[in-house]
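In what follows, a single structure is set out as structure tokens and then discussed.
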Amino acid sequence: MIRILLPLAIVAAMYFGPMYSYEVDNPVSGREEQAMVSGEQFIGGAVNCVRKLKAPFGEACASNAEINGSKTPARVMSLAASLAIGAALIGVLGLLPFVGRLTSIVTLLAGLGGLAAMGFFLVSMMGSNVGLAGVQWGAYLASGAALLTTISGLSGLRGR
């Protein structure tokens with residue numbers, strides 16, 4: 001059951017959590033405020049395609065989010081979210097006793113994919129104007145969920 005919930009936790013953290021914030025001038029109050037950018041802008045297209053029961057690949061499911069003019073972080077995060085959704089779906093089949101090892105391998109790959117995507121996001125943020133100081137808790141939560149998913153996949157390979 002944990003191999004179903006943890007990959008979905010990666011997707012939920014990537015989708016609902018704030019990924020970074022930046023300062024904007026408020027013309028009404030005349031002060032600087034923090035504008036949050038949620039993960040929906042990065043993986044929203046892929047999640048919408050999955051909701052419509054379409055494969056989350058191609059330009060129809062691509063996101064328009066950019067960091068330093070590059071859409072690559074959004075594409076990597078969408079790929080990791082798609083892998084995590086696939087791992088959760090295969091995890092449902094893993095409730096059958098003879099499919100258990102396959103789900104552990106896919107769960108491990110989903111966790112490693114989530115870690116790689118969030119690592120790429122953080123490296124991309126290093127080179128942006130916002131920097132690492134603007135990274136918010138959603139990115140760290142998604143990284144933590146990916147680490148737990150990796151540990152769960154490794155534990156399943158051991159037979160637990």
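The values are calculated or read from the model by the stated rules, or taken from the named source; none is laboratory data. Keep in mind that what you see is a predicted model, and the values were worked out from it rather than measured. Note: ideal-geometry Cβ built from the backbone for every residue, glycine included; neighbour counts use all protein chains shown.
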Worksheet item: Any residue in segment 46-54 that is closer than 20 Å to V76 by Cα, exposed (fewer than 11 other Cβ atoms within 10 Å of the Cβ) and modelled with pLDDT under 85?
Response: no
Worksheet item: Which residues, taken from segment 2-42, are among the aromatic types (F, W, Y), outside any strand (DSSP E or B) and either surrounded by fewer than 18 Cβ atoms within 10 Å (Cβ to Cβ) or touching a Gly at 6+ places or on another chain (Cβ under 8 Å) (or both)?
Response: Y15, F16
Item to complete: Identify, by number, the condition in (1) assigned to a helix (DSSP H, G or I); (2) of a type outside the set (S, T, Y); (3) more than 14 Å from the chain's Cα centre (by Cα); (4) farther than 16 Å from L147 by Cβ that L108 doesn't meet.
Response: (4)
Worksheet item: Could you count how many residues in segment 93-135 are in contact (Cβ under 8 Å) with a residue 40 or more places away in the chain, surrounded by 14 or more Cβ atoms within 10 Å (Cβ to Cβ) and not hydrophobic (A, V, I, L, M, F, W, C)?
Response: 10
Worksheet item: Is one or more of the residues making up segment 136-150 closer than 15 Å to G91 by Cβ, free of Cβ contacts under 8 Å to residues at least 60 places away in the same chain and assigned to a helix (DSSP H, G or I)?
Response: yes
Worksheet entry | Test: residue in segment 75-96 that is of a type outside the set (A, V, I, L, M), at pLDDT 90 or above and closer than 23 Å to G127 by Cα | yes
Discussion item. Which count do you get for residues in segment 87-99 that are under 12 Å from I4 (Cα atoms) and either among the charged types (D, E, K, R) or in a helix (DSSP H, G or I) (or both)?
Written reply: 7
Worksheet item: What are the residue pairs meeting all of these: first residue in segment 22-44, first residue modelled with pLDDT of 90 or more, second residue acidic (D, E) and surrounded by 11 or more Cβ atoms within 10 Å (Cβ to Cβ), Cβ atoms under 7 Å, and 6 or more apart or on different chains?
Response: none
Worksheet entry | Members of segment 136-160 that are modelled with pLDDT under 90, surrounded by 14 or more Cβ atoms within 10 Å (Cβ to Cβ) and either over 15 Å from L112 (Cα atoms) or in contact with a Pro (Cβ under 8 Å, 6 or more places away or on another chain) (or both) | none
Item to complete: Report, by residue number, each residue of segment 60-86 that is assigned to a helix (DSSP H, G or I), of a type in the set (S, T, Y) and either closer than 17 Å to I2 by Cβ or out of contact with any Pro (no Cβ under 8 Å at 6 or more places or on another chain) (or both).
Response: T72
